[in-house]
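The structure under discussion appears below in the form of structure tokens.
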Amino acid sequence: MRAGVQPDEQRVEDARGSVHDVERRLEYGWVRAAGSGAFIVGTILAGQAVGRFGLNAIIWLNGTLLGLAAGAGALVPDRLGRPASAQPRDGRFTALFRLPGFTRMMLVAALIQGSHAFHDGFVVVHWRSVGIGDGTIGVLWSEAVAAEVLVFLLLGPALLNRLGAGGASVLAAIAGILRWGVLGETTSVVASALVEPLHGLTFALQHLACMRLIGAVVPPSMAASAQTFYGSVAVGATTAAMLLGSGLIYGQIGASGFWVMAGFCAAAIPLALSLPKSTAAGSHQNAIANG
């Protein structure tokens, strides 16, 4: 039940955050940075709690934190609800694909974020196979999460404001080509330590770009649907499919499979370059008015 409900709740909160971001009420990246930071702290505390009280501690921690989140959610202003007259006449799910840049951004997200499947599924297996210890692997993963927080909190909003959603996605794709290319060519710990922080660009910056474009071109009444498609299909289903394919790729060519992922990132660049230049507030209103 939790697995079926919580992802939808996250999509709604992402929708709220993206609307507030475009209206300049807050920086969405700050919200995600807080979440990533809380994840790090929560992982550490959960490990300590399990060590002291057993696995049942996870259930109590989850229940308590979700209860607190529900209470905090009641304090968030509702920007998704609009009077009936403000609702788009065409409320069908397919209306999303007629919005400027939406389909292309979903393809960009599928290619760039989906390319993480090979890394997330097999990089630890690969590192262990060449003798890299678990402690070192933990540090490499921590680098990636720390870079994610840094981009969400500081670098991401500045880059997004300067480059726009399309330019930020191009930068994320280039970072992906570099990151996967290095991991496909060497098992050097130093080289891996230098490219793992690129996760801040390949994931966090690209995610922020998606949020910015969705907030700009999707009407608030359709924002939750857009977020659901983005999270469940464009990223979720694509990543699941790529993870299945990654097993076959790793079995055939090993770490050279990272170059396949680099190819996906390269394919995203022309799509990202064709995205709308403007992601200013009110773009969704123009899109609906123009049909």
**Request:** Could you list, in sequence order, all residues of segment 180-219 that are over 17 Å from the mean Cα position of the chain (by Cα), surrounded by 20 or more Cβ atoms within 10 Å (Cβ to Cβ) and not polar (S, T, N, Q)?
**Result:** 180, 183, 195, 216, 217, 218, 219
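Check 138, 166, 131 and return the single one that is more than 15 Å from the chain's Cα centre (by Cα) and buried (at least 21 other Cβ atoms within 10 Å of the Cβ). If you could, list the steps in order and put the result at the bottom.
Details: 138 fails: buried (at least 21 other Cβ atoms within 10 Å of the Cβ); 131 fails: buried (at least 21 other Cβ atoms within 10 Å of the Cβ).
The conditions single out 166.
Go over the candidates 85, 142, 129 one by one and state the one that is among the small types (Gly, Ala, Ser) and at pLDDT 90 or above.
Sole residue among the options that is among the small types (Gly, Ala, Ser) and at pLDDT 90 or above: 129.
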**Fill in**
Residue count, segment 242-277, condition without any contact (Cβ under 8 Å) to a residue 60 or more places away in the chain and aliphatic (A, V, I, L, M), comes to 3
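The values are calculated or read from the model by the stated rules, or taken from the named source; none is laboratory data. None of the values given here were measured: they were computed from a predicted structure. Please note: Cβ atoms are built from the backbone with ideal geometry, for glycine as well, and neighbour counts cover all protein chains shown.
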